[in-house]
Amino acid sequence: MRAAPQEHLPRGLWWILAGLTLVWGFNWTAMKVALSEVAPFTFRTLCLAAGSGLLFAFLRISRQPLTIPRSEWRRLVVIALFTITAWNLLIAFGVRLIPSGRAAILAYTMPAWAIPLSVWLLGERMDRRKLLGLGLGMGGMALLLWDEIANLQRAPLGSLLVLAAALTWAVGTLLQKKFPVRAPVAAYTAWIMLIGGIPIYAGALFLDDLGALARVERWPALAVAYNVVLAFAWAHWAWIKLATTVSVTTFSLSMLMIPVVGVFSGMFFLGERPGAAEFGALALVLGSLATVIMQPRAR
């Protein structure tokens, strides 16, 4: 019998959450830099194909199992279409049209979709601690989104693409909980990246000029390498580890620190300047994060 999802973040997973927060937070800036010279289909092909290749090589060297049971393949393919194919394409095209910090903010409205759906479809219960965490986290996102309303009107396509990506991520997370793939996390991660990338590989082959890769300069090339090694090979393993261990609500709230890191990385690397809204959101999101890290007291 599969263990029930945990309602708080175990201490053993804190380092995974911290690493994932930093890696994916800084990755919004890295994506903006990479996509300045690399076409979206080609960029995502490099990330997914090379990232999954690194995982497969690690599994082979460490003699870990690579196989997925035949009965689990249908579930894996469906989940991959939402969490890998749709998410990666929508984000890649959206980030090209809007600033990286704004994209991070919009993408991490995911809890606003995932938490109500988890109550409806998975029967997860909302207690005071979860409601407090949701309120604090969404309050932080609301502060950041307040200044984005005018930008949404000026650049609707980019913003709508990223919002659609947030919805596909929420649906994919729910599918992982509703129809879990019974396989080792590392092997599952490698296969879902490889399978989910197939439509993207085809797009790069038929739609992009692959010869343009020879003209990519140093910083975009380093940004691609960052994506392959950290944002894909390691971070996707960390994401699946968290998403399959704790409840959807706990997982969703724990992700809210990532857009704050994204905003401040844009400030540091791209010269953007955060204001009072960013600092207020940071305080609220830290409070939200505390509700899923700290265990409730025993009665």
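The values are calculated or read from the model by the stated rules, or taken from the named source; none is laboratory data. Computed from a predicted structure; not experimentally measured. So basically every Cβ, Gly included, is an ideal-geometry build from the backbone, and we count neighbours across all protein chains shown.
So the values come out like this:
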item: Pair list, Cβ < 7 Å and 6+ apart or interchain, from the stretch 64-82 residues that are under 17 Å from LYS177 (Cα atoms) to residues that are outside any helix (DSSP H, G or I) and among the basic types (Lys, Arg); result: GLU72/ARG182
item: Counted residues, the stretch 120-144 - those being under 17 Å from VAL261 (Cα atoms), of a type outside the set (A, V, I, L, M) and crowded, with 18+ Cβ neighbours inside 10 Å; result: 2
item: Failed condition for PHE93, given (1) hydrophobic (A, V, I, L, M, F, W, C); (2) buried (at least 20 other Cβ atoms within 10 Å of the Cβ); (3) in a helix (DSSP H, G or I); result: (2)
item: Where GLY271 falls short, out of the listed (1) on the phi > 0 side of the Ramachandran plot; (2) modelled with pLDDT of 90 or more; result: (2)
item: Out of VAL171, VAL229, sole residue that is crowded, with 19+ Cβ neighbours inside 10 Å, β-branched (Val, Ile, Thr) and touching a residue at least 40 places away in the same chain (Cβ under 8 Å); result: VAL171
item: Breaking point among (1) in a helix (DSSP H, G or I); (2) more than 18 Å from the chain's Cα centre (by Cα); (3) within 25 Å of GLY158 (Cα to Cα), for GLU37; result: (1)
item: In the stretch 235-253, the residues that are in a helix (DSSP H, G or I) and either touching a Pro at 6+ places or on another chain (Cβ under 7 Å) or free of Cβ contacts under 8 Å to residues at least 12 places away in the same chain (or both); result: SER252, LEU253
item: Condition met for VAL248 (at pLDDT below 80, among the aliphatic types (A, V, I, L, M) and in contact with an Asp or Glu (Cβ under 7 Å, 6 or more places away or on another chain)); result: yes
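Yes or no, residue by residue, for (1) surrounded by fewer than 23 Cβ atoms within 10 Å (Cβ to Cβ); (2) touching an Asp or Glu at 6+ places or on another chain (Cβ under 9 Å); (3) at pLDDT 90 or above:
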site: ALA3; (1), (2), (3): yes, no, no
site: GLU7; (1), (2), (3): yes, yes, no
site: LEU13; (1), (2), (3): yes, no, no
site: MET31; (1), (2), (3): no, no, yes
site: GLU37; (1), (2), (3): yes, yes, yes
site: LEU54; (1), (2), (3): yes, no, yes
site: SER71; (1), (2), (3): yes, no, yes
site: LEU76; (1), (2), (3): yes, no, yes
site: THR83; (1), (2), (3): no, no, yes
